[in-house]
Amino acid sequence: MAAAACKTVGSLSRAFSSYNQSALKSQYDALVIGGGHNGLVAAAYLQKGGVKTAVLERRHLLGGAAVSEEIIPGFHFSRCSYLLSLLRPHIYKDLELKKHGLRVYTRDPHAFTPMLEEGVQGAPPRSLTLGSDLTKNQEEISKFSLKDAKKLSSSIQPLLDAPPVNIPGLKLGRSIPDFYNIATAPALKILNQWFESEPLKATLATDAVIGAMTSPSNPGSGYVLLHHVMGELEDEKGAWGYVEGGMGGVSKAIANAAASYGVDIFTEKEVEQVLIDSNGAAKGVVLKDGTEIYSKVVLSNATPYITFKNLIPQKALPPEFIKAVDQLDYTSPVTKINVAVDKLPNFLAAPTPDNKPGPHHQCSIHLNCESVEVLETAYKEAMNGRPSSRPMLEMTIPSVLDHTLAPPGCHVVSLFTQYTPYYLEGREWTNQEKEAFADTAFDWIEQYAPGFKSSVVGRDILTPSDLERIFGLTGGEVA
């Protein structure tokens, strides 16, 4: 790996350990197991409603999967989750998250898909860039299909501009077949009905499989696509953005709000077991060090598997319920790779030789997404117990917009890669195999952006089992 060619700035730790300095009490109205963003939100609302609440986090920092960590000196990473969108607007307002330090950088354009091909008459290879500008989207799509570009204007844009559907008050009637089709059909079936160009379908298909061990041709992937486009950010539907300081900034803002209401928040307090009374109701917890804390209610921010298989005595749960928990699917396809670089990737399809960011650098950059067939092949390899030889890569470079993350001239790169199985042909990954997979991913990036490998200062590789071990995500499942 290359030595850093950029100047390292002073370290600003994103970890906030022992957030609350008050002493741990033996009795609370409510206890929240886990200081992930969902647990912190629950605690804030409870305390705001007058319920004395404490949060007990296992790790040395809050946030669960929404954390910022300085893995390489001077470089601050959103180590697990890396984009913000689906946090509901009313939570922003109710908890006054902007007042408590949350700042978000919106991205436009949103997606960039470069091609691996020879340019024509000295021109760069083609690429597809999509954003909020309809005219520009049409121009981009017309590189691959005039028919699809026209359809975007006549059929899809009116739907995007229409008022959102009120699902609770929705009377489906004749629309039931269409609604059922979207919710259960393969994404590829839906995309084939609308479009003909492979780069457009493959780019959209990434949202149908991202974070899920599935392919665009599998039933149910249509819903995953719908799920990823129904969020919003700063009142913009379907938008995703970067949090200043990394995703730990979300958790810190929520924790600030919760603490301002009076929530007691503790790190390095691992819960060993939930205490159950004679009536089968939760009455508190036992920490790993043996400390007992009592409460009227216990909430768990851990996964259902950890909560009901590890923390609650099995005799307190009905056998059929335990069986249902055992049947939950936590299969993950994701290996997250965090990379420190001393210069921006310079893509053949959109050259920026001066190391200054172009609009495409702020996007979700989709590599190995020339066609749906490429995604299907990558999926099948993982289903046979092997990491994909041509993995689907979603690259983001948040430091293009957020200059607090890296030293001047340097950048942090997030690679959300698919597909990698939890076990390699039935056994655990070795460190050598993890490094080999990262090398494969970097080799592919090098084809799109020559010089990328020589720019690497350091990297952090997290396979599904690593995501489980570090962040408590059962199976490494992130969706």
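Readers should treat all values here as calculations from the given coordinates under stated rules, not as data from a laboratory. These figures come from a predicted structure and were not determined experimentally. Here the Cβ is made from the backbone with ideal geometry for all residues, glycine too, and neighbour counts use every protein chain on show.
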Sort 53-63, 273-283, 352-362 for me by packing, meaning the mean count of neighbouring Cβ atoms within 10 Å per residue, highest on top. 53-63, 352-362, 273-283
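What translational diffusion coefficient, in µm²/s and rounded to a whole number, does the Stokes-Einstein relation yield for the stretch 408-479 at 25 °C and a viscosity of 0.890 mPa s, taking the hydrodynamic radius as the Kirkwood radius over Cα pairs? Each step should come with its number before you reach the end.
Numbers: Rh = 13.7 Å.
Diffusion coefficient, whole number: 179 µm²/s.
Taking R0 as 35 Å, what FRET efficiency do you get between ASN355 and ARG390 from their Cβ-Cβ distance, rounded to the nearest 0.05?
0.80
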Is the shape of the stretch 248-402 rounded, prolate or oblate, going by the alpha carbon gyration tensor and its root eigenvalues a ≥ b ≥ c, with a/c under 1.5 for rounded and a/b larger than b/c for prolate? oblate
Just grab the label-to-label distance for GLU270 and THR331, each label 7 Å out from Cα along the Cβ direction, in nm (one decimal). 3.0
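If R₀ is 60 angstrom, what is the calculated FRET efficiency for the pair LYS25 and GLU139, using the beta carbon separation as r and rounding to 0.05?
Values: r = 62 Å, r/R0 = 1.03.
The computed FRET efficiency comes out at 0.45.
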Could you pull out which residues in the stretch 376-393 have an amide N less than 16 Å from a spot 7 Å beyond the Cα of ASN192, following the Cα-Cβ vector? 376-377
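Can you tell me which of 309-315, 209-215 comes out highest on packing, and rank the rest after it, using the mean Cβ neighbours within 10 Å? Mind showing how you got there, number by number?
Details: 309-315: 13.7, 209-215: 22.9.
Descending mean neighbour count gives 209-215, 309-315.
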Take the Cα radius of gyration of the stretch 330-476 and divide it by 2.2 N^0.38 Å, with N its residue count; two decimals is plenty. 1.05
Can you run phi through the Karplus equation (6.51, -1.76, 1.60; θ = phi - 60°) for the stretch 297-308 and list ³J(HN,Hα) in whole Hz, with x for Gly and Pro? 8, 10, 10, 10, 9, 6, 5, x, 5, 4, 4, 8
Return the subset of LYS93/LYS150; LYS283/LYS309; LYS147/LYS380 for which the Cα-Cα distance in this structure is over 27 Å, preserving the input order. LYS93/LYS150; LYS147/LYS380
